[in-house]
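One structure is given here, and the rest of the page talks about it.
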Amino acid sequence: MFPNIKKSAYCVAIATSLGQAHAESNDIPEIIYVTSERIVTNRLDTPYSVSQISNQDIQEQNFRNLPEVFESIPGILVQKTAYGQGSPYIRGFTGFRTLFLIDGIRLNNSIFREGPNQYWNTVDLGSISKIELVRGASSSQYGADAIGGTVQVFSQQLNLGEIQPNDTFHFNYRGASAEESHQVSAGYVRESGETAFRFGAGFKDFGDLTRGGGIEQPNTGYDEYNVDAKFAVQINPHWILTTAAFLTRQDDVPRTHKTIDSTSFAGTTIGNELRRDLDHRRLLTYAKVTGNGLGGVVSAAELTLSWHSQEESRERLRTGDRFDAQGIETDTLGLQGQFVSNFDWARLIYGIDYYVDHVSSYSSRNEIQGPVADDATYESLGIYVQGRKALSDKLDLLAGIRFTHVDVEANRVSDPNSDSQIRVKNNWSNLVGNLMLNYRVDRNQALHAGVSQGFRAPNLSDLTRFDSARSNEFEIPATDLDAEHFTNFDVGYKYHSAAFAADFSAYYTIVDDQIERVPTGMQNEEGEFEISKENIGDGYVYGAELNLEYQIVPTLSVQGALAYLQGKVDTFPTSERLVEREYISRLMPTTAHLSMRYDANQMPWWMTVSLIAAEKADRLSTRDQSDTDRIPQGGTPGYGVVNFRAGYRFSEQLTFNFTLENLLDKDYRIHGSGQNEAGRNFVLGIVGEF
């Protein structure tokens, strides 16, 4: 979909400070992006494959949590280890090879795992104004994790410059039958002259999920609490100060597929643990000053100081009353400076970012460390510059470089050979770049092509993880690893008019020295197979994505999307250390989306019917085949799911949104997930603003 953006004076101030885009005719729907180039850029001038989800889209489609927002975007597989743990695969990559930003600040830290994780689910949809997704490598702009793609959420915007004080109260309710869930959030906004303030809070009660065919999935529910606050003030005509805080707490989030409460699907095995629950608390605070119209060499600037604290704990009860607990606390200090300079010959965006993680961990099974090293620091410094130059009236060149330096010092690491305490200290440096071309064929269409490099230094999870991994696996520290390298080639075509829009992209990514999990041939005392890591993952990933939208008549539109992905890397499938080139893990099956929307003429209601279809996911790696808790023998069955949505606006202040998910009550599972999706599910959403 190509939604409109809700504008505000504050939004416009930020946009002005970051640069201007080419103007389009008023009869063409206007969409601008920020994340793709770190500044405001028109869609046809963006040499990347970019998608945008507005707050209106989130409300109308009644999404349960943030990861589910990406399910209808081409090229995205949203794997769900559990009800509260969703992780998008972007062009074949997930975990620490995809980057998540909140108002420009990294959610990623040095403990992120290679595989799916739960962290994206800690971002509250109620605090978001819009989401942008940039597919493909963006390491030269955003750093090490931006390999498969970069996602940025923008928190709720505040209006500055209101002549009369403006007080707004808003609330949201979402209830769902197959989830037995209730979500309630409310917020208050006051905008008055040169200051604006927002405070919001929410509560989510997720019950046990019922999958297709009426099969109950016990022990899947959990609770969540959210609080957010934001303050903005116009310091002077050129500078705006923004401060914000976001708190999320999740209690007793079960990893059900590892327990005896799991339900089999197409022959998947049942877990043997009595209970495995996770608690999570995340607090992000920041202060940001944004300047525009500064004059001189620097025309715009943005300086950010952030503090990000994440605490997670896991309690596990196994047969024979064996109990263990473990946890990690990660505190991250962030400093960023971004600047814009406009010259006759080019526009430059440049800056510096620095993050340092302080990590502590514990485990009842290990006196030395928890899931990762205890008493550890991980520092990353990035210096970048990106320039855009018009080579002709139609052709623009975008080029950028980034220098990255990473230092790690982990003081308490358990030696996998002797079980004694060791210390890990290392550093990595690299220079990566990107070169992109964007050609405006005419006012409606554009072509783009380019190459982007990626570099990812090993993090604390790579080097020191001492924890359960996939089904019946246990990961041990690997303290001598090199950095990974990627080279991505991307071409695309975009056409946008008032009635028709088309976006096509094809890509090829060369993978060098990727860190792969490999079996050692040993088993621990619990009978789990020991897994280590090595830089043996040479290979490739390639694919294509197509998105089409056509306004048939003013009241009727149709939208379709198709994505294909292929990828293989070298690995050791067994402990015999014989290299084989295998499919990348959890390779997304070819997936198609089709929807039709009707907006009633001069009536305040709309409705949409959509179909999501995926082929059988049978391109499996050796580790996929052994992951019998989540992946059926021979692969995850294909599926087709029909959804119905509708909305009715009773007034300017009150809107009802209705969803009937999985209309045919299909019993299905997204590839690699630990549980099935909801069966026939009636969802009611109420949005009010006064």
Give me the pairs, please: first residue somewhere in the stretch 656-676 and closer than 24 Å to Gly75 by Cα and modelled with pLDDT of 95 or more, second residue anywhere and in a loop (DSSP other than H, G, I, E, B) and of a type in the set (Phe, Trp, Tyr), beta-carbon distance under 9 Å, and either six or more positions apart or on two chains.
Asn662/Tyr668; Asp667/Phe265; Tyr668/Phe265; Arg669/Phe265; Asn676/Phe265; Asn676/Tyr668
Criterion first (free of Cβ contacts under 8 Å to residues at least 60 places away in the same chain, of a type in the set (Gly, Ala, Ser) and assigned to a loop (DSSP other than H, G, I, E, B)) does Ser418 satisfy it?
yes
Give the stretch 569-593 a look and list any residue that's surrounded by 20 or more Cβ atoms within 10 Å (Cβ to Cβ) and of a type in the set (Lys, Arg), or say none.
Arg586
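Any residue at all in the stretch 293-316 that is over 29 Å from the mean Cα position of the chain (by Cα) and part of a strand (DSSP E or B)? Please lay out each step first, then the result.
First, pick out the residues of the stretch 293-316 that are over 29 Å from the mean Cα position of the chain (by Cα): 293-299.
Checking which are part of a strand (DSSP E or B) leaves us with none.
Within the stretch 293-316 (the criterion being over 29 Å from the mean Cα position of the chain (by Cα) and part of a strand (DSSP E or B)), the answer is no, since none of the residues qualifies.
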Tell me which residues, restricted to the stretch 409-459, are farther than 28 Å from Asp512 by Cβ and among the β-branched types (Val, Ile, Thr).
Ile422, Val441
Taking only pairs six or more apart or across chains, which ones have beta-carbon atoms under 6 Å, a first residue in the stretch 33-54 that is more than 23 Å from Asp393 (Cα to Cα), and a second residue that is surrounded by fewer than 24 Cβ atoms within 10 Å (Cβ to Cβ) and at pLDDT 90 or above?
Thr35/Glu132; Thr35/Gln152; Gln52/Glu132; Ile53/Ile131; Ser54/Lys130
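Mind checking whether some residue in the stretch 251-269 is assigned to a strand (DSSP E or B) and in contact with a helix residue (DSSP H, G or I) (Cβ under 8 Å, 6 or more places away or on another chain)?
Start the filter on the stretch 251-269 by keeping residues that are assigned to a strand (DSSP E or B), which leaves 251-254, 259.
After this cut, where a residue has to be in contact with a helix residue (DSSP H, G or I) (Cβ under 8 Å, 6 or more places away or on another chain) as well, the list is none.
Within the stretch 251-269, none of the residues are assigned to a strand (DSSP E or B) and in contact with a helix residue (DSSP H, G or I) (Cβ under 8 Å, 6 or more places away or on another chain).
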Of the numbered conditions (1) assigned to a strand (DSSP E or B); (2) of a type in the set (Ser, Thr, Tyr); (3) at pLDDT below 95, Thr608 satisfies every one except a single condition; which is it?
(3)
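Conditions (1) of a type in the set (Lys, Arg); (2) at pLDDT below 95; (3) over 21 Å from the mean Cα position of the chain (by Cα), marked per residue:
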position: Pro458; (1), (2), (3): no, no, no
position: Ser468; (1), (2), (3): no, yes, yes
position: Asn472; (1), (2), (3): no, yes, yes
position: Ala483; (1), (2), (3): no, no, yes
position: Phe486; (1), (2), (3): no, no, no
position: Phe489; (1), (2), (3): no, no, yes
position: Tyr493; (1), (2), (3): no, no, yes
Residue list for the stretch 34-49, restricted to those being buried (at least 24 other Cβ atoms within 10 Å of the Cβ), within 20 Å of the chain's Cα centre (by Cα) and over 15 Å from Tyr495 (Cα atoms):
Thr35, Ser36, Glu37
Filter the stretch 205-217 down to the residues that are of a type outside the set (D, E, K, R) and closer than 20 Å to Ile670 by Cβ, then identify the one that is surrounded by the most Cβ atoms within 10 Å (Cβ to Cβ).
Leu209
Residue check, Phe112 against (1) buried (at least 20 other Cβ atoms within 10 Å of the Cβ); (2) in contact with a strand residue (DSSP E or B) (Cβ under 8 Å, 6 or more places away or on another chain); (3) of a type outside the set (Ser, Thr, Tyr), all met but one. Which one?
(2)
From Leu578, Leu594, which residue is among the aliphatic types (A, V, I, L, M) and either closer than 19 Å to Lys80 by Cβ or part of a strand (DSSP E or B) (or both)?
Leu594
Note: among Gly187, Gly161, Gly202, just one is out of contact with any strand residue (DSSP E or B) (no Cβ under 6 Å at 6 or more places or on another chain), surrounded by fewer than 24 Cβ atoms within 10 Å (Cβ to Cβ) and of a type outside the set (Val, Ile, Thr), namely Gly161
Within the stretch 422-468, can you find the residues that are of a type in the set (A, V, I, L, M), more than 26 Å from Glu37 (Cα to Cα), in contact with a Lys or Arg (Cβ under 9 Å, 6 or more places away or on another chain) and buried (at least 20 other Cβ atoms within 10 Å of the Cβ)?
Leu463
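Check Arg97, Arg43, Arg106, Arg64 and return the single one that is at pLDDT below 90 and among the basic types (Lys, Arg). Working first, answer last.
On the way: Arg97 fails: at pLDDT below 90; Arg106 fails: at pLDDT below 90; Arg64 fails: at pLDDT below 90.
Exactly one of Arg97, Arg43, Arg106, Arg64 is at pLDDT below 90 and among the basic types (Lys, Arg), namely Arg43.
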Cβ pairs under 6 Å, 6+ apart or interchain, first in the stretch 356-385 and over 11 Å from Val408 (Cα atoms), second among the aliphatic types (A, V, I, L, M) and surrounded by fewer than 23 Cβ atoms within 10 Å (Cβ to Cβ), ordered by first then second residue, are Ser364/Ala325; Ile383/Ile352
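The values are calculated or read from the model by the stated rules, or taken from the named source; none is laboratory data. All of these numbers come straight from a predicted model, not from anything done at the bench. Methodologically, a virtual Cβ is constructed for each residue, glycine included, from the backbone with ideal geometry; neighbour enumeration extends over all protein chains shown.
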